[in-house]
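Let me begin by presenting the structure, written as structure tokens, before commenting on it.
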Amino acid sequence: MSYGGIILKFAVLIILAYLLGAFPSGVIVGQIFFKKDIRQFGSGNIGTTNTFRVLGRTAGIVVLALDILKGTVAASLPVWCQLGLPHYFILVFGLAAILGHSFSIFIKFSGGKAVATSAGVLLAYNPQFFVIAVSTFVLIMLISSMVSMASMLGMILITIFSFYYHDIFLTLTAVLLTIFIFYRHRANIKRIRQGTENLVPFGWYYHQQKKKK
């Protein structure tokens, strides 16, 4: 393939990665199966947490799976399409999907907070590190009873853990995602400070709050 052909194929696949990420799973599941626009309920977010809260466990699990899957599929495009690019380009395509999820062209460039889609990108890039990241997230959530806290503190720890792999591209991506996820959780940070952040109905902190009441 000519140099120009490779550039064209790369550009098309990057756009496809963005569009895969932009697929608004929570909105589609809510409208088709529940006749609800999830953006009009709860926090108004289209991601997994608000889906669980508004539409229930089954819908939440489906949206979680779809959001992880679209990150993995989008990030895997350069491998599946045999572009012959270095391995770290999986992260480049993954970032395109994350931007698509957060700023979806299908819903007026709004979107979710990209935690599940980011996990899907990690699954494509380094499955072992994906397991570490998910385990860290779950552990923090079981202690704090807050998805937002698990997302933010988890990303800090995941960035630190990434140094173990001596992979500059993985660490740089983790740093960028940490900054981005903190930015997307601005409202959550404010509620945490005020003590009004939504809690999941399990975990150490949730049960401590129930005891106080």
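Here is a list of conditions, (1) over 28 Å from PHE89 (Cα atoms); (2) among the polar types (S, T, N, Q); (3) over 16 Å from the mean Cα position of the chain (by Cα), and SER148 meets all of them except one; can you say which number that is?
(3) is the only condition that SER148 fails.
State which residue is surrounded by the most Cβ atoms within 10 Å (Cβ to Cβ) when the search covers only the stretch 104-116 and only residues that are in contact with a Ser or Thr (Cβ under 7 Å, 6 or more places away or on another chain) and in a helix (DSSP H, G or I).
Applying the filter and picking the extreme gives VAL115.
Pairs under 8 Å by beta carbon, first residue assigned by TED's automatic domain parsing to the domain that holds ILE98 and surrounded by fewer than 22 Cβ atoms within 10 Å (Cβ to Cβ) in the stretch 11-25, partner among the hydroxyl-bearing types (Ser, Thr, Tyr) and not in a helix (DSSP H, G or I), six or more apart or different chains?
PHE23/SER104
Out of the residues in the stretch 179-198 meeting the condition of being closer than 15 Å to ALA116 by Cα and surrounded by 19 or more Cβ atoms within 10 Å (Cβ to Cβ), tell me which one is nearest to the chain's Cα centre (by Cα). Before you say what the answer is, go through the steps one by one.
Pass one, the stretch 179-198, residues closer than 15 Å to ALA116 by Cα: 180-182, 184-185.
Filter once more, keeping what is surrounded by 19 or more Cβ atoms within 10 Å (Cβ to Cβ): 181, 184-185.
Working: ILE181: 9, ARG184: 11, HIS185: 12 Å.
Once the filter is applied, the top-ranked residue is ILE181.
The values are calculated or read from the model by the stated rules, or taken from the named source; none is laboratory data. All figures in this text were calculated on a predicted structure; none of them were measured in a lab. Neighbour counts run over all protein chains shown; Cβ positions are idealised from the backbone, glycine included.
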